[in-house]
């Protein structure tokens, strides 16, 4: 995943050029200092000239948009009147992250009061933030001194959240085979997804993949099988492996050709035992997530788009589903039919033939593994009344893999919420959480609050 790109926008006051002509030269080096910190934090930085008036800010934003930055980071070098910049920033499609920091760490009673001149940008931040809110422009504030290790980390996380939100708002999702009959929680009309979240859905039946599958050459199949044997523990009949790879490569080609960022399939719609699409492409569902393409099962375009956006913003994310409560162990068992991001696996995934009794389609090859233990965040995008959406997050601990030998050929995982299990489950369903979710590795609650803010939807955290 490429590092996020940001536009660093320094703000200043034109009045000081006349009243304090030497001040600009004193505060300018702080821009370079911030730029270096942001680069060390994993961001690619495009720096604008120090802005004073509306034309300065308009020119900077135009450049940022032309260079396709993921977000604008504002840096107040002094007080800068909000009316010089706010309209330009509010009208831009780019998200705003405001870095509220100063050159000096110390401004106690023993400090020379003239140091105020180089450290008083804070009330400019407050002026601009207040006006952005009044104009309905989403923004995030990250405050602290650069020497505090978390400040740049939090700033980078907010930028990643902005990137994820931008990706969601431009997401194209392929739905194959319609939605699973009767599942209501994630069922949102394609029109509402487009109107409220900016998600575009295209619907096809499995037969719509036939031409793309037929176009896959034997050499390409052979090369993909060889790559699988290096990446996975392959315990699968060669013919089963080959047909799954061929269908998967056709699906991959279809997604790439139309620039889909996510997809979902209804396994019940795969009914043919002959022809080019004669099995469910579970293996490609796994590989696609590892390459940054979103996925969710059963025709769930909403969660597929969420997974795709989080992958593009943060990486290390997989589609998942809560299946069982381990009341004794205060944990939840996660699984699905054969879909998991192998990039989050605790050990080398097993590639095996999966028995498929649901339709006449032939048995697929798919992966089985458990996610790696550690801190993670469960994320759910839940539809609500009046075409609203709510982002639900919960910090969780991913536990060690199971020990029962029967789990060898399962997608499996166990998570422990921060709350007692019964209370967590009550809270989750009181908030309207669906049965399809994303699991992100690491503690991303603060960044996901920013993600929700950039999308202009409600955020609720369970902890």
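Just need a number here: residues in the stretch 354-392 that are closer than 18 Å to residue 343 by Cβ and in a loop (DSSP other than H, G, I, E, B).
Total meeting the criteria: 4.
What number of residues within the stretch 1-16 are under 34 Å from the mean Cα position of the chain (by Cα) and assigned to a helix (DSSP H, G or I)?
Of the residues in that region, 0 qualify.
Of the residues in the stretch 370-410, how many are on the phi > 0 side of the Ramachandran plot and in contact with a strand residue (DSSP E or B) (Cβ under 9 Å, 6 or more places away or on another chain)? Before you say what the answer is, go through the steps one by one.
We begin by selecting, within the stretch 370-410, every residue on the phi > 0 side of the Ramachandran plot; these are 374, 386-387.
Filter again for in contact with a strand residue (DSSP E or B) (Cβ under 9 Å, 6 or more places away or on another chain), leaving 374.
Residues in the stretch 370-410 being on the phi > 0 side of the Ramachandran plot and in contact with a strand residue (DSSP E or B) (Cβ under 9 Å, 6 or more places away or on another chain): 1 in total.
Inspect the stretch 17-31 for any residue being touching a strand residue (DSSP E or B) at 6+ places or on another chain (Cβ under 7 Å) and assigned to a loop (DSSP other than H, G, I, E, B) and give the result as yes or no. Steps first, please.
So in the stretch 17-31, the residues touching a strand residue (DSSP E or B) at 6+ places or on another chain (Cβ under 7 Å) come out as 31.
Going one step further and asking which of them are assigned to a loop (DSSP other than H, G, I, E, B), we end up with none.
No, there is no match, as no residue in the stretch 17-31 is touching a strand residue (DSSP E or B) at 6+ places or on another chain (Cβ under 7 Å) and assigned to a loop (DSSP other than H, G, I, E, B).
Would you be able to say whether some residue in the stretch 439-459 is in contact with a strand residue (DSSP E or B) (Cβ under 7 Å, 6 or more places away or on another chain), over 15 Å from residue 377 (Cα atoms) and assigned to a loop (DSSP other than H, G, I, E, B)?
Yes, the stretch 439-459 contains at least one residue that is in contact with a strand residue (DSSP E or B) (Cβ under 7 Å, 6 or more places away or on another chain), over 15 Å from residue 377 (Cα atoms) and assigned to a loop (DSSP other than H, G, I, E, B).
If you check every pair at least six apart or on different chains, which have Cβ atoms under 7 Å apart with a residue in the stretch 330-359 that is assigned by TED's automatic domain parsing to the domain that holds residue 318 and without any contact (Cβ under 8 Å) to a residue 60 or more places away in the chain first and a residue that is surrounded by fewer than 20 Cβ atoms within 10 Å (Cβ to Cβ) and part of a loop (DSSP other than H, G, I, E, B) second?
From residues that are assigned by TED's automatic domain parsing to the domain that holds residue 318 and without any contact (Cβ under 8 Å) to a residue 60 or more places away in the chain, the pairs are 343/316; 345/372; 346/372; 346/373; 346/401; 355/363.
Would it be correct to say that residue 226 is surrounded by 17 or more Cβ atoms within 10 Å (Cβ to Cβ) and either in contact with a strand residue (DSSP E or B) (Cβ under 7 Å, 6 or more places away or on another chain) or part of a helix (DSSP H, G or I) (or both)?
Criteria not met by residue 226.
The values are calculated or read from the model by the stated rules, or taken from the named source; none is laboratory data. As the structure is a computational prediction, the values presented were derived from the model and not from experiment. All Cβ positions, glycine included, derive from the backbone under ideal geometry; neighbour counts span all protein chains shown.
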